[in-house]
Amino acid sequence: MNTQLVNSIIQVVRSLPRDEQQLLIESLNQLLLQPSPDESNPSEPEETADILSDEALEEPIDEDAWAVWQSLGDNAVSGQLENPSVKHDRYLYAKPQ
């Protein structure tokens, strides 16, 4: 088992509101109680689709927030850094010298 993945999942769950945590836990429990799909039959649908049911995804969309998200970068000014895509981590995380 990948402990880093498990720890990341736990952090995500803890960041959710309490009611969403409970919904996620219930969905995971239902998923784990179901028999595993037969790997020899690739036409059989995977059970993981149940975890993202329509009821869990129904949340009102804030149109103003969506408009702001879509506008990000519209008025961006070109940066002054050389090769930003290649040196991304160095520019963000390098210690000042």
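The values are calculated or read from the model by the stated rules, or taken from the named source; none is laboratory data. All figures in this text were calculated on a predicted structure; none of them were measured in a lab. To get the accessible areas, we keep the full protein, side chains included, count just its heavy atoms, and leave off ligands, DNA and RNA. Shrake-Rupley method; radii C 1.70, N 1.55, O 1.52, S 1.80 Å.
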Accessible surface ranking that places the most exposed of E26, E82, E20 first, with a 1.4 angstrom probe: E82, E26, E20
Listed residues V13, V86 arranged by accessible area, highest first, probe 1.4 Å: V86, V13
